[in-house]
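Any read-out appearing in this document is the output of simple, stated calculations on the displayed coordinates, not a laboratory observation. Everything quoted here is computed from the prediction, not taken from an experiment. Virtual Cβ from ideal backbone geometry, glycine too; neighbours counted across all protein chains shown.
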Amino acid sequence: MYRRNTLSFFTDNTQFNNDTIFNIVTENIENLRKTINRDNINNVIDTKNNLTALQYAIKQGNKDIINLFLGLNANIQVKTDNDEDLIDLSLKYHNRNIIDFMIKTKDDKIAILSKDIDQLKDDIRSKDSKITYLNKSLDQTYSKMQSITRENNDNEKKITELKRSNDNTNILLNNSNIDNMSLKRKYNEAKAENDSIIQINNNISIERNTLKTKCAVLERENKDLVSINNELKEKNTSLTDRYTKLDESYNAMLKRNRKI
């Protein structure tokens, strides 16, 4: 059993490190809850082997302590001086808590990315619907412009005919001029509306292309995460096989001991 050194320590960090190691080894989770927090969870406590609290807990194999440190956002990317990551340590000390945690973390990220991709696809469909609506409005406006143009041409013909008539038709001519001016204003208003719709349509097309690009990037990231998740599942399968073989060897040893 691990014993705390009874000699006095030169610094508070040394005292903290030794107390933390002692609490991990003796599985004193209550003391760990009081002393370990998000500010010091990633400190090196085993200065001889350069191990953090989470790495040392994996070495000791206490599931509750490991889960406590993970809940405090312990760094899961840290490596030992021998370039061993947490999965390597888990395999080395036959502890699958970290592997299960990392698989779940990857699954959660994949689920979030899938949701983001679905949202982007919904946004694209919404933009497509707006573009369709605007195109329809554009066609209607263009149709109105053609109708107004025909009316304007008809009125100009009427004006020409009225100019050829006698002075008694001046009143009708003036009225036609007024109508023509009104139609020209309507034509200018419709043209301005058409130009505005064209600009909106162009802006939406640009935004739609941007959303498609983001969607493509997210889909590539999703594929990468799926690949990483598959690799972790393969390691998990390998670890399970090793556990099975270890159990078989242990049972065989028990049978031999009973025979003896």
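Points worth noting:
- Note that the stretch 238-254 has calculated 3J(HN,Hα) couplings of 5, 5, 5, 4, 5, 4, 5, 5, 5, 4, 4, 5, 5, 5, 5, 5, 4 Hz, one per residue in order, obtained from phi through the Karplus relation 6.51 cos²θ - 1.76 cosθ + 1.60 (θ = phi - 60°); glycine and proline are x.
- Karplus-derived 3J(HN,Hα), 6.51/-1.76/1.60, for each residue of the stretch 72-82, Hz, glycine and proline x: 8, 6, 5, 5, 9, 9, 5, 10, 7, 5, 8
- The charge dipole of the stretch 12-95, taken about its Cα centre with unit charges on the Cβ of Lys, Arg, Asp and Glu (plus for the first two, minus for the last two), comes to roughly 160 debye.
- Using Cβ point charges alone (K and R +1, D and E -1), the dipole size of the stretch 46-106 about the Cα centre works out to roughly 180 debye.
- Amide H contacts of residue 43 (H built 1.01 Å from N, in plane; Pro and chain starts excluded): 53 sit under 5 Å, all sequence-distant by 5 or more or on other chains.
- Extended-chain gain in nm, criterion 0.36 nm per residue less alpha-carbon gap, residue 241 and residue 175: 14.1 nm
- Cut-off 9 Å between beta-carbons: net charge of the residues surrounding residue 59, Lys and Arg +1, Asp and Glu -1: 0
- Computed over the stretch 12-95: relative contact order in percent, which uses C-alpha pairs under 8 Å that are six or more apart: 26 percent
- Residues of the stretch 190-204 with an amide N closer than 17 Å to a point placed 7 Å from the Cα of residue 128 along the Cα-to-Cβ direction: 204.
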